[in-house]
1. Give the accessible area for Phe181 in Å² (nearest 10); use a 1.4 Å probe, count only protein heavy atoms, and leave out ligands, DNA and RNA.
2. Taking the solvent-accessible surface of protein heavy atoms with a 1.4 Å probe, what is the per residue accessible area of the stretch 282-402 in Å²?
3. How high is the FRET efficiency from Thr358 to Ala85, r the C-beta distance, R0 45 Å, rounded to 0.05?
4. Hey, rough spin-label estimate for Ser178 and Ser375, points 7 angstrom out along Cα→Cβ, what's it come to in nanometres?
5. Please arrange Met108, Met397 by accessible surface area, largest first, computed with a 1.4 Å probe and ligands excluded.
6. Note down the accessible area of Ile17, probe 1.4 Å, to the nearest 10 Å².
7. Applying the Karplus parametrisation 6.51 cos²θ - 1.76 cosθ + 1.60 with θ = phi - 60° to the phi angles of the stretch 310-323, what ³J(HN,Hα) value in whole Hz is obtained for each residue in order, glycine and proline being reported as x?
8. Could you go through the stretch 278-286 in sequence order and give the Karplus-derived ³J(HN,Hα) for each residue, using 6.51 cos²θ - 1.76 cosθ + 1.60 with θ = phi - 60°, rounded to whole Hz, and x for Gly and Pro?
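The values are calculated or read from the model by the stated rules, or taken from the named source; none is laboratory data. Remember, predicted model here, so these are calculated numbers, not experimental data. For neighbour counting, all protein chains shown are included, and Cβ atoms are generated from backbone atoms with ideal geometry for every residue, glycine included. Ligands, DNA and RNA are stripped out before the accessible areas are found, and what is left, the full protein with its side chains, is counted by its heavy atoms. Shrake-Rupley method; radii C 1.70, N 1.55, O 1.52, S 1.80 Å.
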Amino acid sequence: GLYAGRFTLNGQAIWPIFADMSYEDYPNECGPDFAVLDLDQLGPPSCDEIVVNGDAGDEVGGSTHSWQDIAGGVEAIAGGADGTAFSILNKDRSRWHGLAQHLDTRCMMEGHSFAVRAKIRLTKDGDLWVCNVDGYSGNPASCVYATMRYSYGITDPLHQWATVGKMIESDNEWNTLSGEFTVSAFGTGAGRASLYFNSAPEGVNIQIDSVSITRLTMPAPQYAPSLPSFSPIFIPAYDPTPAPYPDPAVSSEPSHTKISLTESPSFSPTSITPCSQNPKDRFYYRTQEGKDPEFKTCKWLAKKGKEKQLSICQNKVKHESNFRPAQYTCFETCNSCGECYQNEDSIFFYKYKNKDKTKPVFKNCKWLENQQKISKICKKTRSYETVQGSSVVCPKMCNDWCR
């Protein structure tokens, strides 16, 4: 027979903001129609504003509702932009760590354009910190970027990254971040659509407030792209709004969308990296026997053939004299952007041998993958010179967000 599904919370129908869905008929007892599932989506209100709790819960005495930290923790603290009561703080972070929120995938419809706005406050060691608004995302003084990550599939997910906003000033206590984006075909079919605030250097605390993503244009409805057979997920048939703060809305007249297990994608998703590089930046290349360490520039690397670039980016993973390897310097050439980038050969600082701080012990992500107490090792956040801890270097094993 036909099958229908819905999400419920405390006996009440809800939509969970996003849904990566996979199901199977085993052992072939559900009948011939199991390949099509009718999913109750609820709706349709509007998608004029798709950020939830963009004011840090001013009306309820401060709240982190809907916000997540990629590392370093998230908290609502007193004092917001333009005299408001609260803001969201992320501290004890590295460059690719920051704050994030899953957005309602039902609002991700191809051709719809949105404006991104936020207020950003940066501090370091208790003082206001001024960033370089003209710097690229890997710059030692880079500002905060807003990035959209679309994720497609469960077992072997595909991701698409796009920078959707950047800081346009940095010399005030609270500074404006702004930008615009248009939803792509890939974004329309994505099982998850997530907004990130990151890219400021390690040790810089990020505060956000007055965060909004408002719709600018709404083209005539078009057919959504077909779904990949490896992961059937929800495709919107209308234009609903995200669940309002703090409880999800329930519509009295739910509509339905059919999800097929057998369709194939009609588009070719590509990877978009949200960062750039400075051609003059230097990275540690190698040390030949009896010679001094060699350092190269990103410009030098960019002129090499693709195979040579790949070999250097993936295999030359050592740090030297406070210089990082190519993958952590030439992000664009190495395609190593984002907080979820991981190379199994990358080394992280594990511990000091016999607690002697002159004897650091390093391990790599491949080693970590074979350990029994991965979560315990991932909690070690200390770094040694330019070598970060496991939670930064091996995010796909340490961070649920990247899995």
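1. About 20 Å², ignoring ligands and nucleic acids.
2. Details: 7200 Å² over 121 residues.
Ligands and nucleic acids excluded, the figure is 60 Å² per residue.
3. Details: r = 48 Å, r/R0 = 1.08.
After rounding to 0.05, the efficiency reads 0.40.
4. 4.5 nm
5. Sorted descending by solvent-accessible area, the residues read Met397, Met108.
6. 40 Å²
7. Per-residue couplings from phi come out as 4, 4, 5, 5, 8, 9, 8, 10, 6, 9, 7, 6, 6, 9 Hz.
8. 9, x, 8, 5, 10, 10, 6, 9, 5
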